[in-house]
Amino acid sequence: MIGSPIEDTRAPDGPIETRWDRRRFEARLVNPANRRRLTVIVVGTGLAGASAAATLGEAGYRVRSYCYQDSPRRAHSIAAQGGINAAKNYRNDGDSVHRLFYDTVKGGDFRSRESNVHRLAQVSVEIIDQCVAQGVPFAREYGGLLDNRSFGGAQVSRTFYARGQTGQQLLLGAYQALARQVAAGTVEAFTRHEMLDLVVADGRARGIVVRDLVTGEVTTELADAVVLATGGYGNVFFLSTNAKGCNVTATWRAHRRGALFANPCFTQIHPTCIPQSGPHQSKLTLMSESLRNDGRVWVPARAGDGRPPGDIPEGERDYYLERMYPSFGNLVPRDIASRAAKNVCDEGRGVGPGGLGVYLDFADAIARLGRPAVEERYGNLFEMYQRITGEDPYEVPMRIYPAVHYTMGGLWVDYDLRSTIPGLFVIGEANFSDHGANRLGASALMQGLADGYFVLPNTINDYLADGPFPALSPSHPDVRSALSDVTDRVARLLAVDGDRTVDSFHRELGRIMWDHCGMERTDAGLRKAIEEIRALRQRFWTRVRVPSSAGLNQSLERAGRVADFFELAELMCLDALHRTESCGGHFRAESQTPDGEALRDDARFAYVAAWEWTGATPVLHREALTFDYVTPSQRSYK
């Protein structure tokens, strides 16, 4: 069903270089005395959530921070490895704000907004200064200057890094800022609390419904505005590089309350992950894209060649990325590298169990740089790989294969990061705004900190300038209704008393999604997936077994999340079905160039697909994308 078009009415016009400065100036302000009377709820404590809560608290707002982990430091941002992009041009290699803007729009296959992406590139230079001031231990060159390395989709070195632990170090910096505000009394932090619904009262987002994961108590928490920083939904595939707790519940509940969900089919498959070792596995492990700086990707030239890698002569190896994309080589964007790996494995040239793997070889780098230099750059990643696989990557090539890693889709937001529900702001991976159909490596950390430290604290003022809003009582009908919906749903899950575990359903859903809505999608496959998802969801609500417990109940937590994954999965397949073009991480087999590359259809699909929840058939609202500074073209990295 097609609804009315949607438009970002807060995006400034005029020269793109001055839009963000003009928007900050034109936005209304809240004086310091009034900030102390306003309460903001921030859900999530990753890079976006922790930085937003800390910055809003320091600005003087009363902030309440919620996360389901036992500490804010356990947010999944801590798992990011490779680095964070910024247009500092420290290498004097031709980088600039405009080049980062161009690379990001092109890397997203021309399915993102120019205004948002330029702001991201512009703010990137401020992020590094902020983090260095916090003491984040970025890698430095011998002379003490900050070091940079290359990442996919760029021909310059703009990625700042802390060995293979960049996310951890950045999150600790944001957590320090958050802890400082907790100590100052401007932020209250609530751990082991999971958001299960959004409170929308009189047309505004005014709070959340949370469940205490230790006691089981369900309560409503009220505020003047709500910020969602709850990450992506990659775990809909069951096997992904995400932490097992990552879920879509917060954003999906907001979607059901009226927030549009944009581009849900845009998911990123990361090309360098440790292959699945067997059917028992419940999670996959990322190997940083930074490894492709010095590692060379190859497979045997001949199908069915089962010799150990050391026995295969150089002339019988196919360094296929270097062969196919000589300009970028092993540093092509993730979607391209992932599809290329799938194709060579489909040809029977894959390595390892089941032929689902390719080699990432560091022999040349070790010979050129010496083992100590490689250890300094990647030592912790090599150690992680050896512990998991039992193979020494200093002696034999790593085996890697693509896996679900990131989601470019999310709740629709405008230039101010406002959703379609007044008072609900969405930041970081939880929104859709910056990456189009494919995210470039090292840009997730950039977006999370840009939104949390610099964008949201400026734009939320414009909304809160209308406050303080009328006091809201827990007895308000809308508040009571939201609380009742959550308690009824919990009771329904506990009452099924079936014969199958939550994980068995989740694993089956993940297989459907990977087979039909993964790296390659077809009309027939997507239609089959929708039928199978609907049938599996019906079985879930009649056969799932959730042990009854009033307090700590991890099966109940997972059941609620998987129930939301079922509804999301259907929307993802509908979105992929309607978008008959290929673009970025969305590859329709029916739409490809003669040499197998993604073939866009700009005449029909140069828009954001924003879906409205109706309880029945979703309604599609289109936001047209315009390009004034980057001309859409067939992406080429050859």
task: For residues that are aromatic (Phe, Trp, Tyr) and within 20 Å of residue 583 (Cα to Cα), scanning just segment 252-270, find the one that is surrounded by the most Cβ atoms within 10 Å (Cβ to Cβ).
output: 266
- prompt: Here are 491, 535, 550: which of them is under 30 Å from the mean Cα position of the chain (by Cα), surrounded by fewer than 13 Cβ atoms within 10 Å (Cβ to Cβ), assigned by TED's automatic domain parsing to the domain that holds residue 566 and hydrophobic (A, V, I, L, M, F, W, C)?
  reply: 535
- prompt: If you go through segment 185-218, how many residues are without any contact (Cβ under 8 Å) to a residue 12 or more places away in the chain and either among the acidic types (Asp, Glu) or part of a strand (DSSP E or B) (or both)?
  reply: 1
statement: Considering segment 543-555, residues that are of a type outside the set (Gly, Ala, Ser) and out of contact with any helix residue (DSSP H, G or I) (no Cβ under 6 Å at 6 or more places or on another chain), and then whichever is nearest to residue 214 (Cα to Cα), we arrive at 552
- request: Please indicate, with yes or no, whether at least one residue in segment 325-340 is in a helix (DSSP H, G or I) and more than 29 Å from the chain's Cα centre (by Cα).
  value: no
- request: Please indicate, with yes or no, whether at least one residue in segment 160-179 is part of a strand (DSSP E or B) and not small (Gly, Ala, Ser).
  value: yes
Any chance residue 134 is of a type outside the set (D, E, K, R), within 22 Å of residue 455 (Cβ to Cβ) and open to solvent by 10 Å² or more (accessible area, probe 1.4 Å): yes
field: Only listed residue being open to solvent by 10 Å² or more (accessible area, probe 1.4 Å) and at pLDDT below 95, chosen from 376, 391, 395
entry: 376
task: Check 527, 558 and return the single one that is open to solvent by 30 Å² or more (accessible area, probe 1.4 Å) and over 22 Å from the mean Cα position of the chain (by Cα).
output: 527
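A quick yes/no check of all residues on (1) in contact with a strand residue (DSSP E or B) (Cβ under 8 Å, 6 or more places away or on another chain); (2) open to solvent by 40 Å² or more (accessible area, probe 1.4 Å); (3) part of a loop (DSSP other than H, G, I, E, B):
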{"residue": "372", "(1), (2), (3)": "no, yes, no"}
{"residue": "381", "(1), (2), (3)": "no, no, no"}
{"residue": "401", "(1), (2), (3)": "yes, no, no"}
{"residue": "404", "(1), (2), (3)": "yes, no, no"}
{"residue": "415", "(1), (2), (3)": "no, no, yes"}
{"residue": "439", "(1), (2), (3)": "yes, no, yes"}
{"residue": "452", "(1), (2), (3)": "no, no, no"}
{"residue": "458", "(1), (2), (3)": "no, yes, no"}
message: Suppose the filter is of a type in the set (Gly, Ala, Ser) and closer than 27 Å to residue 438 by Cα; does residue 303 pass it?
response: no
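Condition check ((1) in contact with a helix residue (DSSP H, G or I) (Cβ under 6 Å, 6 or more places away or on another chain); (2) touching a residue at least 12 places away in the same chain (Cβ under 8 Å); (3) in a helix (DSSP H, G or I); (4) surrounded by 24 or more Cβ atoms within 10 Å (Cβ to Cβ)) across all residues:
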| position | (1), (2), (3), (4) |
| --- | --- |
| 82 | yes, yes, no, yes |
| 89 | no, yes, no, no |
| 95 | no, yes, no, no |
| 115 | yes, yes, yes, no |
| 124 | yes, yes, yes, yes |
| 157 | no, yes, no, no |
| 183 | no, no, yes, no |
query: Limited to segment 581-609, what total is found for residues that are assigned to a loop (DSSP other than H, G, I, E, B) and within 19 Å of residue 269 (Cα to Cα)?
result: 11
query: Restricting the first residue to segment 511-523 and requiring it to be within 17 Å of residue 270 (Cα to Cα), which pairs with a second residue that is surrounded by fewer than 17 Cβ atoms within 10 Å (Cβ to Cβ) and at pLDDT 95 or above meet a Cβ separation below 6 Å and a spacing of at least six or different chains?
result: 520/589
- prompt: Taking the stated definitions as given, is residue 249 farther than 25 Å from residue 83 by Cβ, polar (S, T, N, Q) and open to solvent by less than 10 Å² (accessible area, probe 1.4 Å)?
  reply: yes
Segment 303-328 residues that are touching a residue at least 60 places away in the same chain (Cβ under 8 Å) and in the same structural domain as residue 398 (by TED's automatic domain parsing), paired with ones that are assigned to a helix (DSSP H, G or I) and open to solvent by 60 Å² or more (accessible area, probe 1.4 Å) (beta carbon under 8 Å, 6 or more apart): none
message: Going by what's in this entry, would residue 377 be described as in a loop (DSSP other than H, G, I, E, B) and assigned by TED's automatic domain parsing to the domain that holds residue 311?
response: no
field: Failed criterion for residue 58 (all others in (1) part of a helix (DSSP H, G or I); (2) surrounded by fewer than 16 Cβ atoms within 10 Å (Cβ to Cβ) hold)
entry: (2)
task: Sort out which residues of segment 378-430 are of a type outside the set (Phe, Trp, Tyr), in contact with a helix residue (DSSP H, G or I) (Cβ under 8 Å, 6 or more places away or on another chain) and without any contact (Cβ under 8 Å) to a residue 60 or more places away in the chain, and write them in order of number.
output: 391, 392, 393, 417
statement: If we keep only residues of segment 62-80 that are assigned to a loop (DSSP other than H, G, I, E, B) and in contact with a Ser or Thr (Cβ under 7 Å, 6 or more places away or on another chain), then the residue farthest from residue 434 (Cα to Cα) is 70
query: Restricting the search to segment 351-370, which residues are over 15 Å from residue 321 (Cβ atoms), out of contact with any helix residue (DSSP H, G or I) (no Cβ under 8 Å at 6 or more places or on another chain) and part of a helix (DSSP H, G or I)?
result: 353, 354, 363, 367, 368, 369
message: Among the residues of segment 194-214, are any surrounded by 23 or more Cβ atoms within 10 Å (Cβ to Cβ), under 15 Å from the mean Cα position of the chain (by Cα) and under 24 Å from residue 471 (Cβ atoms)?
response: no
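The values are calculated or read from the model by the stated rules, or taken from the named source; none is laboratory data. What you see is a predicted model, and the numbers here were worked out from it, not measured in a lab. For neighbour counting, all protein chains shown are included, and Cβ atoms are generated from backbone atoms with ideal geometry for every residue, glycine included. These area figures cover heavy atoms from the full protein model, side chains too; ligands, DNA and RNA do not enter into them. Shrake-Rupley method; radii C 1.70, N 1.55, O 1.52, S 1.80 Å.
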